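Taking it in order: structure first as structure tokens, then the write-up.
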Amino acid sequence: MRKKIISMAHKMRWQIDGTKVDIARIDAWCRKYGAPAKGFNDYTYNELPKLVTQFGKVYKSYLEGLRK
């Protein structure tokens with residue numbers, strides 16, 4: 001499930017050097033907006049579905065912004 005979040009972040013161009021996903025940015029987002037707030041790699045398997053849903057809403061908002 002972490003790969004799904006990384007994939008969405010890549011599509012939103014959360015990248016460093018143009019190719020690598022900015023894991024630090026994902027981690028910072030998780031610490032600020034994730035429930036419970038903790039680092040990206042600190043989420044348990046049971047907590048990840050909720051985090052994927054939360055991040056999916058950010059991705060959806062990003063896509064809607066592109067359509068304007």
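Any read-out appearing in this document is the output of simple, stated calculations on the displayed coordinates, not a laboratory observation. It should be emphasised that the depicted structure is a prediction, and the values quoted were computed from it without experimental measurement. Cβ sites come from the backbone with ideal geometry, for glycine too, and all protein chains shown count toward neighbours.
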**Prompt:** Only one of (1) in contact (Cβ under 8 Å) with a residue 24 or more places away in the chain; (2) part of a loop (DSSP other than H, G, I, E, B) is not met by PHE55, so which one is it?
**Reply:** (2)
**Message:** I'd like to verify a number: residues in region 5-29 that are within 10 Å of TYR59 (Cβ to Cβ), surrounded by fewer than 17 Cβ atoms within 10 Å (Cβ to Cβ) and under 9 Å from the mean Cα position of the chain (by Cα), how many?
**Reply:** 1
**Message:** Please go through (1) touching a helix residue (DSSP H, G or I) at 6+ places or on another chain (Cβ under 8 Å); (2) more than 13 Å from ILE6 (Cα to Cα); (3) in a helix (DSSP H, G or I) for LYS38 and return the number of the only condition it doesn't satisfy.
**Reply:** (3)
